[in-house]
Every structure is written in structure tokens, then in C-alpha cells.
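Right, one structure below, let's go through it.
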Amino acid sequence: MKQILVFILFATLLCWFMFSPVYKHVIIIRQALLQKEVDYMLEIGSNGRHGYINETMIIASKERMKEQGFVASDLVYEVTTTSGAGGMDASQPVWRGIGITLKLTYPYHRLFVIDQLIGINVPAQTDRMGAVGMKMSEYVP
């Protein structure tokens, strides 16, 4: 009986050690892709021609993220400015020197199921990983 228990514990740990790095890399890659997208959108949205991040840009971003394996409907975008004005209206772009902040979040889904099976406290499936960035607008009318 003792040998069976040791075998089961050893097999469980072996599986966890083998597969743990794989799904941890998925988390790291997702986080990096979220940050890369935030940086790209801020670069485009805060340039001298725009001064905003509108719904059209967000839809295009969701399409790019979908190509990377994300579920587009689960992506949440939040655009704010340092002045408190809305940064999503193309008819009222943010002027030069005012910061545009973009926050992009995505749920963890079931990435931590293996950790949960061995008793490690894990984030809930509805908890979200995210990326945040801010860039000063370069728009001059």
C-alpha cells in the first residue's frame, strides 16, 4: 500500500514538473502579446495624425489578437486620458502633451488547472491578466 501511494505521488509530481513549464510559457507569451498590442495601439493612437484610440482601432486590434489565438470577445479595452477627457472620439482628439492610457485585459480561463489539482492556490478563471501603457499625445490641430 505504501509503495502504491509513493508511486502515485511520484507520478503526479513527475507529470506536474513536465507540463508546468509548458503552460507557464503560455501565460508569459499571452502577457507579452498583450503588452505588444498596447504599445502598438498607443503608438498609432497618440501620433500626430490621430490623438485618439477609437472603436475602429479596437476592432482591428481584436482581429490581430484573434490571429494570435485570443478570443476576441474576451478582450477588454479601457482608454483614459490624463486630462479626464475621452480619448476615443475622433472628432475631439487629445492634444499634444496630454497622456493617453490604454489598459487591455484578458481572462486566465483554465490555465492553472494542473496547479489546482495538486493543491496550489490559483487565480479564478474569471480573473484577468492585463497590460497597461501610457503615451503622450503628439496631435497638433
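The values are calculated or read from the model by the stated rules, or taken from the named source; none is laboratory data. Values in this document were obtained by computation on a predicted structure and should not be read as measured data. A quick note on method: Cβ atoms are made from the backbone with ideal geometry, for glycine too, and the neighbour counts reach across all protein chains shown. To get the accessible areas, we keep the full protein, side chains included, count just its heavy atoms, and leave off ligands, DNA and RNA. Shrake-Rupley method; radii C 1.70, N 1.55, O 1.52, S 1.80 Å.
General observations
- Inter-label distance for A60 and D39, nm, one decimal - labels placed 7 Å from Cα along Cα-to-Cβ: 1.9
- M129 long-range amide H proximity, modeled H, under 5 Å: Y106, Y108
- The chain, helix-only ellipticity at 222 nm - DSSP H runs n ≥ 4, -39,500 (n - 2.57), divided by all residues, nearest 500: -15000 deg cm²/dmol
- Extended-chain gain in nm, criterion 0.36 nm per residue less alpha-carbon gap, I28 and T80: 16.1 nm
- Computed over the chain, the Cα gyration tensor eigenvalues convert (square root of 5λ each) into semi-axes of 43, 12, 11 Å, ordered from largest to smallest.
- Straightening the chain between T126 and V113 buys 3.4 nm, computed as 0.36 nm per residue apart minus the Cα-Cα spacing.
- Here's the list of lysines a cross-link from K36 could span, going by alpha-carbon distance under 30 Å and ignoring same-chain residues fewer than 8 apart: K24, K62, K66, K103, K135.
- Exposed trypsin sites (Lys or Arg not before Pro) absent: longest stretch of the chain, with sites in DSSP loops and at most 14 other Cβ within 10 Å deemed exposed: 1-48
- For I28, the solvent-accessible surface with a 1.4 Å probe is about 100 Å², rounded to the nearest 10.
- In loop segments of the stretch 46-140 as defined by DSSP, there are no GluC sites (Glu not before Pro) with at most 13 further C-beta atoms inside 10 Å of their C-beta.
- With all protein chains modelled, accessible area of D115 [1.4 Å, Å²]: 10
- Cut-off under 5 Å, modelled amide H: who pairs with S137 long-range: G97, I98, G99, I100
- Converting phi to 3J(HN,Hα) with the Karplus coefficients 6.51, -1.76 and 1.60 and the offset θ = phi - 60°, the stretch 44-53 yields 6, x, 9, 6, x, 9, 10, x, 7, 10 Hz in sequence order, with x at every glycine or proline.
- Computed from Cα atoms, the angle from the helix 55-67 axis to the main principal axis of the chain rounds to 30 degrees.
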